[in-house]
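K.L.:
Could you have a look at this structure, given as structure tokens, before my questions?
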Amino acid sequence: MSNERPAEGNPIKVAVAGAAGRMGTAVCEAVEAADGLTLTGRADPALGTSVSDVLDDADVLVDFTEPTSALPNAREAVAAGVHVVIGTTGFDLEELDALTGANVLVAPNFAIGAVLMMRFAAEAAAQMPSAEVIELHHDKKLDAPSGTAARTAALITEASGREVPIHSVRLPGLVAHQEVIFGGIGETLTIRHDALDRSSFMPGVLLAVRGVAGLPSTPTIGLENLL
């Protein structure tokens, strides 16, 4: 595999790791329905396939697996010259710094509205003296706090120099929700994003798949780098 973009007019060949999971299934369906993309592989223990099985015919690997799997999958893909889009959270992102040979994009959240929420929160942090983050997810989510909450808190800290408390809620019936509450003298400001269905993440995933090959640096953290 080459780490260059596919030739003009050729579809981007996409493999999905975690293809049998909830997000992986949605990604496979979105890729199959998208113009200019071709689904070439589904890697998942439930399907009896591994990442090794799908890299030979892929330009991009999309990873929605588990924290213990995402980094080994990225290492294997990059070594094969395959770009990687990672939606898995809960692992040490600094471990990606050593990877060379292809581009890696990690997005704590692929919903465009969530990316905007994080951007607006960073802007508000410069003006409001206090902030806390409340993130709410379905009860099957493995990591807490969520990658989105951790990224939001980091952006607020960068903008204000303040540490930000994060509160995590895990309940059945939820999908993915986050509030950033700012407090000032006699006032509060709440910035909230709600993902009501996993389809809300698919435009961002497709944007990442189409843009990862052209990133000027790797690894890149955050979908906002492609907006």
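Just so it is clear, none of the values below were taken in a lab; they were calculated from the coordinates. This is a predicted model, so every value here is computed, not measured. Note that we place each Cβ from the backbone using ideal geometry, even for glycine, and neighbour counts take in every protein chain shown.
K.L.:
Work from the charge dipole of region 112-196 (Cβ charges, +1 for Lys and Arg, -1 for Asp and Glu, about the Cα centre) and give the residue of ILE134, SER160, ALA124 farthest towards its positive end.
P.N.:
ILE134
K.L.:
What number, rounded to the nearest 500 deg cm²/dmol, is the helix-based mean residue ellipticity at 222 nm of the chain, given -39500 (n - 2.57) per DSSP H run of at least four residues and division by all its residues?
P.N.:
Using -39500 (n - 2.57) per qualifying helix, the result is -9000 deg cm²/dmol.
K.L.:
Ok, one more. State the extension gain, in nm to one decimal, for the chain segment bounded by ALA144 and THR190, taking 0.36 nm per residue of separation less the distance between their alpha-carbons.
P.N.:
Extra length available between ALA144 and THR190 comes to 14.4 nm.
K.L.:
Check each of the trypsin sites (Lys or Arg not before Pro) in region 46-148 and keep only those in coil by DSSP with at most 15 other C-beta atoms within 10 angstrom; list them in order.
P.N.:
In loop regions of region 46-148 (DSSP not H, G, I, E or B), the sparsely surrounded trypsin sites (Lys or Arg not before Pro) are LYS140.
K.L.:
Normalised by the number of residues in the chain, what is the relative contact order in percent for Cα pairs under 8 Å and 6+ residues apart?
P.N.:
20 percent
K.L.:
Two decimals is fine: what's Rg over Rh for region 112-196, C-alpha atoms, Kirkwood radius as Rh?
P.N.:
Looking at region 112-196, the ratio lands at 0.97.
K.L.:
Might you report the magnitude of the Cβ-based charge dipole of region 112-196 about its Cα centre, with Lys and Arg at +1 and Asp and Glu at -1, to the nearest 20 debye?
P.N.:
200 debye
K.L.:
One quarter of the convex hull surface, Cα atoms only: what value does that give for the chain in nm²?
P.N.:
Across all orientations, the chain yields a mean hull projection of 12.3 nm².
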